[in-house]
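Notes to accompany the following structure.
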Amino acid sequence: MNKILSKTVNKETLMSIVMATLLVLSIVLTAIFGVSYAATLRNANTLTVTVNQSFYNKRLDDVKSVCDAEFNKQGLTVEYSEESLVGADGEVIYYFASGADVKAKVETAKGKLAEMFAAKTDETNGEWKEDLAEISVSAAQEDMQVQMPVWYALRALIAVVVFAALAFAYAAIRHGLISGITTGVSALCGAFLSAAVVLLTRMPITNSALYIFGISAIATSVFAMLTMNKLRAKKDEQTTADLVVESTAVKEICTFSVVFGVALILVGAVATWSTRWFAIAALVSLVVTVFVGLIYVPALYWLLKKRSDKKAFDNAQYGKQRAEKQERKAAKKAAETVVVEEQQTDEE
Amino acid sequence: MGKKKSVVLMVLLTILIVAMSVITLIPFPVSGTQSFNPTVLQYDLGADLGGGYYVYYYPEGVKTETEYEADKPTDEIEAEKYAADYVKNGSLYLSKESKYNLVNNKTGEVDDAFQAQFAKAAQVIADRFEARGYSDYRVAVVDDYALRIELPASDATVNETLSTYHYTGKVTLTKGTSAAATELTELQEDGAKITDYISGFTVANNYKWSYLKINLTQAGKDLMQGLKNELATADSASSSSTALYLQIGDAKLTGIYQDNITDNDIRVMFVESNAQLVKTYEVLLNSALHNSFEFDFEVGQVCTFEAVYGENVLTLLYIALGVAMLAIIVLAIVLMGGYGVTGAYASMTYLVVVATFFAFITGNAAFEITLGSVLIFLVGFVLMNVLQYHIYHAIKTEFSLGKTVESSVKGGYKKTLWGIVDIYAVALLGALSLLIGAAGLSTLAWQAVICIVTAALCNLLWARAINYMLLSASKNKYKYFRFVREDDDDE
């Protein structure tokens, strides 16, 4: 790892350009194509099957099997479904993608299902006549009135910026200005880069994506602080690129990311579809956080330190030169004074 | 600490942690049909984990396909006449009756004015749910002329919210008995507006109760002082008492009695007046105050739905979390030996404390558990264990310098103390900053504060105390830490 860090520690400018490019690309892509929302926040075509309570309780699975078979025939993909039983009726609502072609297929499926259920519930010959089933089918289109309110995202953005300022202040007081800037900037990079990558990859997101970006800001600054602590312990040594690389909290960051990553993979593998996408987004954010904490933070710190040291050196050099110049001036003046005095003495 | 004392303390502590863990995690039968619900089954869950409620709002004169088919006459001729009385739009049937003004009878198309009014009503209602600040909610227009609203299961005021948020019409004050109240004469004057007297509505708190504060303008204060003595007191209120009624259109929301009126405002409490309920009315009334128009909706039955992607999502998530946590604890014991056992105690304490706080902190808002809560719980848990490893590494480094085990432990803790404080301080600043976020992010911020503070206390104090006791009780301090003494090497 140290070999990789030794190479990347001098590449801060390149990394900053890449990160800024990703951010700009994500903004442009989102502005053109919009946010890729999860199914629950998208417009949809729906098909509702209403079933009387007794049949709902006894044989809902049979109803659903008939529906699933018809959807397969029509080439329809169910994005998700909701089941509800209230009062005398229960209903199953199936959600499909929006669009005219899907709508046409849903209407066809509705017609076929209505015929099939009518045949199955026929009082004379129906397969389900003994169970007194009453089933109706309807198709509709749902258009979202609001998806993610803009002010949710805006306030999340303000929260991240405020946190970056507070992290900067804390780290600056504890470890110095350069550490403060590094910690503050790392918080911003963690949150914004995570958001950029999630938006660029067009992962389906809900409001819970904001949680991931907020936590990413915190995690990145924690990683930065781990490194700043180690650098502070070596503050009496001269800061070099190698020292910065050695002080990077590689073990701690890698341990955290491996353990957390495995836990996320477990959650994503065992749990169902919606939590899976959330776990994937969190995993992507984890990779970004580790990149910023492990690779970008030491590079940024080293760049700032170099510039600060150079400035201090230049100021010292300027001070030295100025002192020398003043000395030469004073010596010249003294010499001129001596010459003038000698001339005066000669004249006398 | 003596060995015997340490052993006794550790046994007691172990029994306590095991007991708390069982109460937190394991459901078990109590008697017959009753069973004990552990803490983890008592959460207010967001829609992604716990499902929620939904309802339809239909404009008056609009029928669903199911209702239309149910009301359809069997006679063919009557059925034709029946069909001619409606315009079909998707799964909705709009009545052509002139009293509803839905259809332009000249063109046979949906009336433009109705379309515009519906669009406005849909926007106002959507804005109300947005202002209410749910972490997860859904407002959708169904086939152009109906609304479908979904709210998370954590909303304890769902009935009030869904049954009132369709109210349109102007905010007004009426005076009289509950059966016969008329609008105040001051509000009936030409050009009079309610905003001349009421500037807005806010939620205020009085100890553990919340109440709705009706903010008055100067004219409103004067009006209320003039009316106050005509009203009955709340204690003596009956169906024949004179009271003021706050209404939206024809719908009475609450009565106002003499004791509700102060010099500057009106203060109204509701039955079970918690902050969520009062917030519901605050948003509704502020919306109606500034958006006054007439549009009548009929409300369908409130239905429940399971977690969107399956009723087992919570169980599966708990299993996944359990496996992950167990793996981390086992890994810690494998890597760090006895010190890993310290980590195990700290981990179980973290689990019990955080799970309990998540369940029983409700305060004035639903402490909604969402996927974000799971994430921040995991972050705190992993961070705590990683820092335990960091401390172990520092102790090991001290030991490699030739110090005794006790000195190494002391030195290791000393060297890592401020670093760990820094990390938790920055994390806590992050959690507090997230309070600026809206809705679910604000709730997540409080959950993050709980996780971070608990993890910090576990790392800095609790694990240290447990380590002290375990170390005192251990037979071989080197084996405890899995250290190798130099003389062992020589052997």
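Coordinate-derived values only; no laboratory data. Quantities reported herein were computed from a predicted structural model and do not represent experimental measurements. Backbone-built Cβ (ideal geometry, glycine too); neighbour counts: all protein chains shown.
Just a few scattered comments:
- Note on B:LYS208: lysines with a C-alpha under 28 Å away, same-chain residues under 8 apart excluded, are B:LYS221, B:LYS228, B:LYS252, B:LYS279.
- Distance between modelled label sites at A:ARG307 and A:ASN57, nm, 7 Å Cα→Cβ extension: 7.3
- Exposure proxy ranking for B:VAL379, B:VAL87, based on other Cβ atoms within 10 angstrom of each Cβ and starting from the fewest, stands as B:VAL87, B:VAL379.
- In this calculation the C-beta distance from A:VAL258 to A:GLU324 is compared with R0 = 51 Å, giving a FRET efficiency of 0.35.
- Neighbour-count order for A:LEU226, A:LEU231, fewest beta carbons within 10 angstrom listed first: A:LEU231, A:LEU226
- Sparsely packed GluC sites (Glu not before Pro) within the range B:255-342, loop by DSSP, other Cβ within 10 Å at most 16: B:GLU272, B:GLU294, B:GLU311
- Cross-link table A:LYS230/B:LYS477; A:LYS129/B:LYS63; A:LYS105/B:LYS88, entries beyond 21 Å C-alpha to C-alpha: A:LYS230/B:LYS477; A:LYS129/B:LYS63
- Pairwise centroid distance, computed over Cα atoms, of the range B:31-59 with the range B:421-491, Å: 33
- Sparse packing (at most 11 other Cβ atoms within 10 Å of the Cβ) combined with a DSSP loop state is found for the following GluC sites (Glu not before Pro) in the range A:25-134: A:GLU123.
- Evaluated at q = 0.21 Å⁻¹: base-10 log I(q)/I(0), Debye formula over Cα of the range B:177-230: -0.94
- Using the Cβ-Cβ distance between B:ALA119 and B:THR182 with R0 set to 41 Å, the FRET efficiency works out to roughly 0.80.
- Per-residue 3J(HN,Hα) values for the range A:214-221, derived from phi via the Karplus relation 6.51 cos²θ - 1.76 cosθ + 1.60 with θ = phi - 60°, read x, 5, 4, 4, 5, 4, 5, 5 Hz in sequence order (x marks Gly and Pro).
- Pairwise centroid distance, computed over Cα atoms, of the range A:271-342 with the range B:89-157, Å: 61
- Across the range A:333-347, computed HN-Hα scalar couplings (Karplus, 6.51 cos²θ - 1.76 cosθ + 1.60, θ = phi - 60°) run 5, 4, 5, 4, 4, 5, 4, 4, 4, 4, 4, 4, 4, 4, 4 Hz from first to last residue, x flagging Gly and Pro.
- Calculated P(r) of the range A:104-156 - Cα pairs past 16 Å, %: 61
- A viscosity of 1.567 mPa s and a temperature of 4 °C, combined with the Kirkwood radius over Cα pairs in Stokes-Einstein, give a translational diffusion coefficient for the range A:127-226 of 79 µm²/s.
- In this rough spin-label picture, where each label sits 7 Å from Cα along the Cβ direction, the B:LYS415-B:SER31 distance is 6.0 nm.
- The range B:344-396-the range A:48-107 distance, computed between alpha-carbon centres (Å): 40
- Counting only DSSP beta bridges with both residues in the protein assembly as shown, the antiparallel share comes to about 95 percent.
- Estimated inter-spin distance, A:LYS64 and A:ASN10, nm [label 7 Å along Cα→Cβ]: 6.2
- Highest-MSF residue in chain A out of A:LYS234, A:LYS73, A:LYS11 [GNM, Cα springs under 10 Å]: A:LYS73
- Relative contact order, percent, chain B [alpha-carbon distance under 8 Å, six or more residues apart]: 19
- Listed residues A:THR21, A:THR183, A:THR220, most fluctuating in chain A (Gaussian network, C-alpha, under 10 Å): A:THR21
- Contact order normalised by residue count of chain A, Cα under 8 Å, 6+ apart, percent: 20
- Cα-derived Rg to Rh of chain A, Kirkwood definition: 1.33
- Residue list for the range B:138-180, given a label point 7 angstrom along the Cα-to-Cβ vector of B:PHE293 and an amide N cut-off under 13 Å: B:168-170
- Residue range of chain B that is longest and free of trypsin sites (Lys or Arg not before Pro) which are both DSSP loop and sparsely packed (at most 10 other C-beta within 10 Å): B:209-474
- Number of Lys-Lys pairs in the range A:275-348 with C-alpha atoms under 24 Å apart and a separation of 8 or more places or on different chains: 10.
- Likely footprinting exposure, B:TYR207, A:TYR37, B:TYR93, fewest C-beta neighbours within 10 Å first: B:TYR207, A:TYR37, B:TYR93
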